[in-house]
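Q: Structure below; questions to follow.
What follows draws every value from the coordinates through simple rules; no lab data is involved. Note that this is a predicted model, so its numbers are computed, not measured. In this analysis, Cβ positions are derived from the backbone assuming ideal geometry, glycine residues included, and neighbour counts consider all displayed protein chains.
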Amino acid sequence: MQITGNHQMARIVRHNDESVREGYIRNGGKEVKLFTSALKAFQCNNRIVMAQRKHLDDFLRGRIIGRLECGRTQLELSEELGIAQSVISRLWQRFQDDGNVSRCYSTGRPRVTTPNEDRYLAVTAKRNRRSTASDLSLQLSSATDTTVSRQTVYRCLGHIGLYARRPVRCVPLTATHCRLRLAWSREHALWTPQQWSCVMFSDESRFSLQSASRRTFIWRAPGTRYHQLRRALLDEWCNIPQDQIDNLIFSMPRRCKVCSASSGRHTSY
């Protein structure tokens, strides 16, 4: 970082030279006095570096204790290592009290919810995926008398991979999808209703009659392999109203026209 003032420029650098006086920095082998604004910026930079360090490892703790035993001052070590003097002071005081400088590990803050309550939140969220964190908090409170905040609900659900996301309104289309949709629409744009009436429309559901796509086993009697599937398909096709089928057939020219106008992208259909 460069500090400019009174048409002079000084580069702030970290140094280990104890001969540099307070308020000065070494630049090219010479001591350069820091202006008030530059000195404040330098001190602020040191505080930022100190705040970024969370925990000292055992090796660094040993180095600090060793240098203090050799006669170095706490202020010198604070400036040299970029560690707050209060941290060094507490470390030295603890070493003098019990001779131990290792970090004491704790279990942390106790959890607000129990594993059973976490499972209750997960099941409730999966049953009604449009429930807000506030709704889930109220349901948990009414069921278990445990009051939690919205943030706690977010964290509990986040541990099992459930996050609040905007629901997808439609399937995303790639450039290849758009190109194929446009080509298909142009190919069938001039079809008549009689031609469309010969097309079997489906919801793209997968029905396997010749081979098993999954290793799922069921109990059945011999000779009844496809009876239930055929009966279910026939019942569903018979339940479709004829006017709905007619509307679908007569709307196909409009669908192709709209798809061509949108270059294969999403349409209102």
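Q: Out of region 49-153, which chymotrypsin sites (Phe, Trp or Tyr not before Pro) are coil in DSSP terms and have no more than 15 other C-beta atoms within 10 Å?
A: Those that pass, being in a loop and sparsely packed, are Tyr105.
Q: Further, regarding this structure: Taking 25 °C and 0.890 mPa s as the conditions, I'd like the Stokes-Einstein D for region 134-192 in µm²/s, using the Kirkwood hydrodynamic radius from alpha carbon pairs.
A: The calculation lands on 156 µm²/s.
Q: Under the √(5λ) rule applied to the eigenvalues of the Cα gyration tensor, what semi-axes describe the equivalent ellipsoid of region 106-166? Give them in Å, descending.
A: Over the Cα atoms of region 106-166, the ellipsoid semi-axes are 18, 14, 10 Å.
Q: When you have a sec, figure out the Kirkwood radius of region 69-195 from all distinct Cα pair distances and drop it here in Å to one decimal?
A: 21.5
Q: For region 58-98, what is the charge dipole size about the Cα centre, in debye to the nearest 20, if Lys and Arg each add +1 at the Cβ and Asp and Glu each add -1 at the Cβ?
A: Value, rounded to 20: 40 debye.
Q: How large is ³J(HN,Hα), in whole Hz, for each residue of region 144-159 in order, when computed from phi with the Karplus curve 6.51 cos²θ - 1.76 cosθ + 1.60 and θ = phi - 60°, using x for Gly and Pro?
A: These are the phi-based 3J(HN,Hα) values: 10, 6, 10, 9, 10, 8, 5, 5, 5, 5, 4, 5, 4, 6, x, 5 Hz.
Q: Oh, and also: So how compact is region 87-132: Cα radius of gyration and Dmax in angstrom?
A: That works out to 21.6, 59 Å for Rg and Dmax.
Q: Counting each pair of different Cα atoms once, what's the Kirkwood radius of region 58-98 in Å, rounded to one decimal?
A: 10.0
Q: Place a label point 7 angstrom from the Cα of Ala189 along the Cα-to-Cβ direction, then list the residues of region 236-269 whose backbone nitrogen is under 14 Å away.
A: 253-265
Q: In nm, to one decimal, how far is the modelled label at Ala232 from the one at Arg166, with both set 7 Å along Cα→Cβ?
A: Distance between label points: 3.6 nm.
Q: So how far apart, in nm, are the two label points at Thr174 and Met200 if each is 7 Å from Cα heading toward Cβ?
A: If labels sit at Thr174 and Met200, their model points lie 2.9 nm apart.
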